[in-house]
Amino acid sequence: MKILWAPWRMAYIRRFSSGNSSKCFLCEAARGKSDEESLIVFRGENCFVIMNRFPYNNGHLMVAPYRHVGSILDLREEESAEIMKLLRLSVKALGEEYRPDGYNIGLNLGRVAGAGLADHIHFHVVPRWAGDTNFMPVISETKVIPEGLEETWRRLKSRFSRLRV
Ligand SMILES: [Zn+2]
């Protein structure tokens, strides 16, 4: 296994699990005062883009509506449209800032499908680089991320602010 530089050294990152739905981290982040603390990189009209605090890869983003809804069937038309817009914006921002070779974009709908937070839908945008699975086992609790979250937030926040869809 390759050893990568990791700012917090060998941190064992536990995957987010929401045992109690009363505390929804997406709602909390959206309501929060500090986008830097909650890792929100872009706020749209109906939806927002937030970094995954437990990323599968550097630059792992999530696009979610502000409204606490659990299914794509509950989305309003303007939310649906904006989600697609923000997914495209995310690909653009990550592309310009990190030049990945590809992306995984997707939604886990329902807990059995792997949704850690089942009742507030969010689309994942995971940038991929050729060979990244060599050192990033997909089904593992341990992740080594080459850049600190704060640094990634600064880069993406500023990149998003300069983009137009
Ligand atoms: Zn929520």
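Each reported figure results from applying straightforward, stated rules to the coordinates on display, with no laboratory input. Given the structure is predicted, the values throughout are model-derived calculations rather than measurements. Ideal geometry is used to build each Cβ from the backbone, glycine not excepted, and the neighbour counts take in all protein chains shown.
Close amide H contacts of ALA115 (hydrogens built in the peptide plane, cut-off under 5 Å, sequence separation of 5 or more or a different chain): GLY110.
Computed from the C-alpha gyration tensor, the three semi-axes of the ellipsoid equivalent to the stretch 25-160 are 22, 18, 14 Å, from longest to shortest. By the count of neighbouring beta-carbon atoms within 10 Å, fewest first, HIS122, HIS68 end up ordered HIS68, HIS122. Taking amide H as placed 1.01 Å from N in the peptide plane, TYR103 has its amide H under 5 Å from the amide H of ARG128, each at least 5 places away in sequence or on another chain.
Please report the net charge: other residues with Cβ closer than 12 Å to the Cβ of ALA81, K and R +1, D and E -1. The answer is -2.
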